[in-house]
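What follows is a set of notes on a single structure, which appears directly below.
The values are calculated or read from the model by the stated rules, or taken from the named source; none is laboratory data. As the structure is a computational prediction, the values presented were derived from the model and not from experiment. Methodologically, a virtual Cβ is constructed for each residue, glycine included, from the backbone with ideal geometry; neighbour enumeration extends over all protein chains shown.
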Amino acid sequence: MVSVPARVDVVVIGAGQAGLSVAYYLQRLGVRPGVDQIVLDRGPGAGGAWQHRWAALRLGSAHRVHDLPGMRRAGISFETADRARPARDVVGEYYAHYERFFGLDVRRPVAVAAVYDRGSDLVVRSTAGETVARVVVNATGTWGAPFVPYYPGMRDFAGRQVHTSTYRDAAEFEGQRVLVVGGGTSAIGFLLELEGVAAKTTWAVRRPVDYLQQGTLDLEAAVNAVAQQDDAAREGRALPSIVSGTGVPLTRRIAAAMERGVLQERPMFGHLEAHAAVWADGWREPVDAIVWATGFRPDIRHLSPLRLHEKAGGVTVASGAAERDPRIFFAGYGPTASTVGANRAGRSLARQVYAALGGPTQPLE
Ligand code: FAD
């Protein structure tokens, strides 16, 4: 059975790219894994949210995936990873190697249910017990908080409805008429997978997809999207979708699918019926199943006892820490919700956490 220490300086919640990056940089500053810091993760294995993604997803199919900090020393890189294998396997093995190589103390499966303010301490309550901490770094990503917008008639729809987070593979939809909702790379990926397997696909988007004339997208270079996320986080607003700020990279695979007529966008339908989607102009499309590729929200329910939320719907996070409680740091949140952003957050947050613990300023390469 997994155990947790009664007291530790830093608890990092989440062992995805963001949590591992923070743990790595903290260690380099002398915050010792297993002694001064622990990482708690509810997943069964290494790989962050990647371990739960669908089998057909490949690494770097649309966005660039960055190596974790220091990984080149460990002798492996995403750049030379086998892109023919499922991303979930490649990333799982990579993160497992990283944890071992740098001796990070990741305890799993340990789900954090709540974080409480107990005067000068924070109490992290998890499935493995309670740990008192001075600082908490929240790196829980978004996978556990799928977002599905409301449309009239959703409850009447008699077919199957899945979200990106519960999509497994195209074979589950063999011979069915499938409605895919959403204008991002995941939606497009599903449409391509379903081609020739589903009887028919229909694609509904809220706004026309903005295709970028480049093969893959470095999310950090998507300055506009990062700035939009940063503004929202600083103002305590709900975070906007990344795709609304980046557009979708026009890979060769996507361009070829467009030529085949697989990617025909329709505007959003007006309502759903038991076996159909109905558009405002009266068009009725028979539908057996719906795939909602409609994004995620930050998964931070366990922080609710701390009352960090603003009326505007989000948590005000400036320079990585919650404005309402500067002992709570956020990695992989808003502008740092990409593999490169997570690395950047790790480096800067580790310094801030170290300073919050009373450590002297130290350079980090
Ligand atoms: P995650 O990888 O989600 O890790 C969070 C961890 O926290 C998980 O391991 C989870 O188990 C744990 N956790 C959550 N809640 C709790 C709790 N209460 N208690 C304990 N543990 C908890 N970015 C890119 O840069 N390139 C890409 O190609 C790319 N592709 C993507 C494809 C999809 C389909 C999606 C959804 C996102 C993609 N992203 C991509 C964004 C991607 O999510 C981030 O880049 C990055 O991997 C997220 O890292 P993270 O550490 O913030 O979160």
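Observations, loosely collected:
- Residue among L68, L20, L104, L26 that is hydrophobic (A, V, I, L, M, F, W, C), modelled with pLDDT of 95 or more, under 21 Å from T336 (Cα atoms) and more than 17 Å from the chain's Cα centre (by Cα): L26
A quick yes/no check of all residues on (1) free of Cβ contacts under 8 Å to residues at least 60 places away in the same chain; (2) within 22 Å of S61 (Cα to Cα); (3) assigned to a loop (DSSP other than H, G, I, E, B); (4) not charged (D, E, K, R):
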| site | (1), (2), (3), (4) |
| --- | --- |
| T142 | no, yes, yes, yes |
| V148 | no, no, yes, yes |
| D156 | no, no, yes, no |
| Q161 | no, no, no, yes |
| V180 | no, yes, no, yes |
| W203 | no, yes, no, yes |
| R207 | yes, no, yes, no |
| Q214 | yes, yes, yes, yes |
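- Qualifying residue in region 35-42 (condition: in contact (Cβ under 8 Å) with a residue 40 or more places away in the chain, more than 20 Å from V2 (Cα to Cα) and more than 12 Å from the ligand (Cβ to nearest atom)): no
- Residue pairs whose Cβ atoms lie under 8 Å apart, separated by 6 or more positions or on different chains, with the first residue in region 1-26 and part of a loop (DSSP other than H, G, I, E, B) and the second within 11 Å of the ligand (Cβ to nearest atom) and modelled with pLDDT under 95, are G14/G332; G16/G332; G16/A342.
- Residue check, D117 of a type in the set (D, E) and assigned to a loop (DSSP other than H, G, I, E, B): no
- Positions within region 71-94 being under 18 Å from the mean Cα position of the chain (by Cα) and either part of a loop (DSSP other than H, G, I, E, B) or under 27 Å from R7 (Cβ atoms) (or both), in sequence order: P86
- Scan of region 71-95 for residues that are away from the ligand (no atom under 12 Å from the Cβ), modelled with pLDDT of 90 or more and under 16 Å from A15 (Cβ atoms), ordered by number: E93
- Breaking point among (1) away from the ligand (no atom under 15 Å from the Cβ); (2) under 17 Å from V39 (Cα atoms); (3) surrounded by 15 or more Cβ atoms within 10 Å (Cβ to Cβ), for G103: (3)
- When the test is whether a residue is within 22 Å of R168 (Cβ to Cβ), touching a residue at least 24 places away in the same chain (Cβ under 8 Å) and more than 8 Å from the ligand (Cβ to nearest atom), R53 does not pass it.
- Every condition in (1) within 16 Å of the ligand (Cβ to nearest atom); (2) among the polar types (S, T, N, Q); (3) touching a residue at least 60 places away in the same chain (Cβ under 8 Å) is met by T316 except one, and the failing one is (1).
- Counting the residues of region 7-21 that are more than 9 Å from the ligand (Cβ to nearest atom) and of a type in the set (A, V, I, L, M) gives 4.
- Residue count for region 118-140 satisfying the condition of being in contact (Cβ under 8 Å) with a residue 40 or more places away in the chain and acidic (D, E): 1.
- Residue within region 122-140 that is assigned to a loop (DSSP other than H, G, I, E, B), within 14 Å of the ligand (Cβ to nearest atom), modelled with pLDDT of 95 or more and within 29 Å of V340 (Cβ to Cβ) present: yes
- Any hit, region 48-58, residues being under 20 Å from the mean Cα position of the chain (by Cα) and surrounded by 23 or more Cβ atoms within 10 Å (Cβ to Cβ): yes
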